[in-house]
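The values are calculated or read from the model by the stated rules, or taken from the named source; none is laboratory data. Just so it is clear, the model here is predicted, and its values are computed rather than measured. Neighbour counts run over all protein chains shown; Cβ positions are idealised from the backbone, glycine included.
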C-alpha cells in the first residue's frame with residue numbers, strides 16, 4: 001500500500017484501488033482530517049469523470065465503495081497542470097503570490113500591471129508545477145521538454161485538453177451559480193500509449209470554487225468571495241504561522257474543520273443535485 005497525502009493506493013496487479021481518506025493536505029503535507037471528505041472527493045470526482053468522457057478518456061473502472069475507486073494503471077506524467085481563470089491564492093505557487101513578488105511573465109503568459117486579487121484574467125492560463133512528494137515547484141517550458149515521455153505534441157494536447165475541461169466545467173457550473181476559479185489536472189499514458197485523465201477532477205481539494213452571487217461584491221470590498229473549498233483553512237494557517245517553515249503545525253479549530261466539511265457537502269449538493277451520505281472514510 002502506498003500512503004499519499006490524501007489517498008491510500010493498493011496495487012492489484014492490472015489495476016489500482018484508490019481510497020480517498022478524510023485527510024486534508026495543504027502546504028505540501030497532510031494537516032488535519034475533515035469529516036465526510038473522503039466520500040465527497042471520490043463521488044464528486046466520479047461525477048466529473050463521467051461528465052467529461054467526451055473530452056478525454058479517464059482511468060476509472062468502477063467505484064467498489066463510496067470512498068474508493070478502482071482504476072486502470074497508467075504511466076503517470078510527473079506534472080500537475082494548473083489552469084487559472086482568476087488571479088488569487090495564498091500558497092507559495094499561487095498566481096497572486098507570484099504576482100505580488102513581481103512576476104509578470106508566468107509560463108509564457110504576460111500579466112498586465114495593476115491586477116487585483118481575485119480579478120478575472122483576460123483568458124485562462126496554464127501554470128504547470130512538478131508532481132512531487134516534497135514541495136511543488138513551478139515549471140517553465142524548458143523544464144517541460146525534459147520530462148520523460150512528454151513530447152512537444154503530447155504537451156500541446158495536454159494544454160488543449162486542460163483548457164477544454166476548464167471551459168466545460170465553468171459552462172456547467174454557470175447554471176449552478178458557481179465559478180471554477182482554478183483547478184489542477186493530472187495525466188498519464190495507458191497501455192495503448194493514449195493520453196488519459198487520472199487522479200481526480202474538479203474536487204474541492206484540487207480546485208477553487210466560488211459563489212457567483214458573492215464575487216462582484218467581494219471584489220468591490222477587497223475581500224475573498226464565498227468559497228466551497230479548503231482555502232479558508234489554508235488562510236487560517238498562514239495567519240497563525242509560517243506553514244512552510246515550521247515542522248509541527250498547530251491544530252486547526254474544531255469549528256473551522258466542521259465548516260470546511262459543511263462547505264464540501266454543500267458543493268457536492270450544488271453540483272450533483274444530490275446529498276452525500278457521509279459514512280466515515
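Key figures for this structure:
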| quantity | calculated |
| --- | --- |
| Some residue of the stretch 139-154 being under 22 Å from residue 26 (Cβ atoms) and touching a residue at least 24 places away in the same chain (Cβ under 8 Å) | yes |
| Residue count for the stretch 78-102, restricted to those that are closer than 24 Å to residue 242 by Cα, in contact with a helix residue (DSSP H, G or I) (Cβ under 7 Å, 6 or more places away or on another chain) and buried (at least 20 other Cβ atoms within 10 Å of the Cβ) | 3 |
| Top-ranked residue of the stretch 188-203 - restricted to ones that are touching a helix residue (DSSP H, G or I) at 6+ places or on another chain (Cβ under 8 Å) and either surrounded by 24 or more Cβ atoms within 10 Å (Cβ to Cβ) or free of Cβ contacts under 8 Å to residues at least 24 places away in the same chain (or both), ranked as farthest from residue 21 (Cα to Cα) | 197 |
| Residue list for the stretch 231-281, filter: surrounded by 11 or more Cβ atoms within 10 Å (Cβ to Cβ), in contact (Cβ under 8 Å) with a residue 60 or more places away in the chain and closer than 25 Å to residue 175 by Cα | 231, 260, 261, 264, 265, 267, 268, 270, 271, 272, 276 |
| Failed item, numbered, when residue 144 is tested on (1) at pLDDT below 95; (2) surrounded by 19 or more Cβ atoms within 10 Å (Cβ to Cβ); (3) more than 22 Å from residue 242 (Cα to Cα) | (2) |
| Residues located in the stretch 175-201, provided they are part of a strand (DSSP E or B) and farther than 27 Å from residue 39 by Cβ | 189, 195 |
| One residue from 204, 225 being part of a loop (DSSP other than H, G, I, E, B), modelled with pLDDT of 95 or more and under 21 Å from the mean Cα position of the chain (by Cα) | 204 |
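For (1) more than 16 Å from residue 202 (Cα to Cα); (2) assigned to a loop (DSSP other than H, G, I, E, B); (3) touching a residue at least 24 places away in the same chain (Cβ under 8 Å), each residue gets a yes or a no:
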| site | (1), (2), (3) |
| --- | --- |
| 5 | yes, yes, yes |
| 9 | yes, no, no |
| 13 | yes, yes, no |
| 18 | yes, no, yes |
| 31 | yes, no, yes |
| 38 | no, no, yes |
| 43 | no, no, yes |
| 46 | no, no, no |
| 56 | no, yes, yes |
